[in-house]
Amino acid sequence: MQIERVKLPGIGVGYTLRTAQGQCVGVVCHRSGRRDLVLYTSGDPDTVERSLALTAAESRELGELLHPVATIEHVPDLEREAGPLTVAAVPVTAASPHV
């Protein structure tokens, strides 16, 4: 799969990809933090069929739904929700069943 990145002067950056079914979908990242989820017309990657404006927070949550992997950026949000956190390193030896 190839994601195309295009600078959009005065707006921000656009990203598009073509799905396995041939549909072109994209995200327009505005300098303000807003994100537009965009579905392009079949056969015309320059014509927007539908779009949905998302705030930065909505974009982050949608990203979590699509790719549910914790990232370091989300740790401060988790800390606010769960209270103080402690991180500890636990050594795992080669004989451990958890290697």
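Read-outs throughout are calculated quantities, based only on the coordinates presented, and are distinct from any laboratory measurement. The structure presented is a predicted model; accordingly, all values stated were derived computationally and were not measured.
Multiplying the residue separation of Arg34 and Leu66 by 0.36 nm and removing their Cα-Cα distance gives an extension gain of 9.7 nm. Based on Cα contacts under 8 Å between residues 6+ apart, the stretch 1-43 shows a relative contact order of 29 percent.
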